[in-house]
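**Student:** If you scroll down you'll find the structure; I have some questions about it.
The values are calculated or read from the model by the stated rules, or taken from the named source; none is laboratory data. Please read these numbers as outputs of a predicted model, since none were measured by experiment. Cβ: placed from backbone, ideal geometry, glycine included. Neighbour counts: every protein chain shown. With ligands, DNA and RNA removed, areas are computed over all heavy atoms of the protein, side chains included. Shrake-Rupley method; radii C 1.70, N 1.55, O 1.52, S 1.80 Å.
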Amino acid sequence: MQDISLMRLFQYIVPLTLLFSDLIADPPDWQDDPGYYAHTSYLVAGIVQSNENDDTAPYDDFINIAAEGDMFAAFDSDGKVCGLATQLSPPFGPYEGQIVYEMTIRSNNVGEIISFKYYDSSKNRILSINASYEFVINEQIGDLFDAELYNIVFPHDFQFNQSTVQAFYF
């Protein structure tokens with residue numbers, strides 16, 4: 001009889017523990033170290049968008065996924081954080097009311113390939129951005145009227161229709 005009570009207890013505790021751990025999960029420990037780098041360039045306005053949706057839109061439609069608490073970061077070729085974005089909400093222009101990112105990107109080498117990652121706080125996951133940037137000293141990327149777009153691409157469901165007629169060749 002006691003074994004059944006313990007099983008019921010675990011039946012409820014384990015799922016609640018997993019749910020609770022997701023709700024209080026910590027964001028990544030991305031730390032920018034400006035003093036480590038000699039040169040800078042600037043993302044004046046960037047939008048992170050995704051084709052992941054709830055099946056209400058085609059998978060080739062990208063939407064701005066930025067939300068309060070999300071993080072957008074740049075990484076150098078050694079995987080070290082070389083830029084951590086700030087969220088802005090322009091009061092005017094085509095991105096009025098949307099979250100747009102601003103970031104100082106740093107490097108020691110002209111031409112270094114910079115990669116990007118995005119932390120989605122609502123789903124507690126880190127996503128890779130399908131874009132890179134070849135570092136140029138003092139370059140300004142995007143503006144509040146023509147933001148740089150960073151895409152996160154999710155593959156849509158592949159549907160395989162097997163033929164009802166099969167042939168075997170020997």
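**Student:** Might you work out the accessible area of residue 26 for me, using a 1.4 Å probe with all protein chains in place, and round it to the nearest 10 Å²?
**Tutor:** Accessible area, nearest 10 Å²: 130 Å².
**Student:** So, R0 is 30 Å and r is the distance between the beta-carbons of residue 113 and residue 89; what FRET efficiency does that work out to, to 0.05?
**Tutor:** 0.50
**Student:** Of 127, 84, which has the most accessible area and how do the rest follow, probe 1.4 Å?
**Tutor:** 84, 127
**Student:** Something else now. Would you grab the residues whose amide H sits under 5 Å from the one on residue 72? Only those 5+ places off in sequence or on another chain, please, with H modelled 1.01 Å from N.
**Tutor:** Hits under the 5 Å cutoff: 85, 119.
**Student:** Okay, next question. Over the stretch 45-141, with every protein chain in place, what whole percent of the accessible area is carbon and sulfur at 1.4 Å, could you tell me?
**Tutor:** Carbon-and-sulfur percentage of accessible area, whole number: 46.
**Student:** Which order do 62, 145 take when ranked by solvent-accessible area (1.4 Å probe, heavy atoms of all protein chains), largest first?
**Tutor:** My answer, sorted largest first, is 145, 62.
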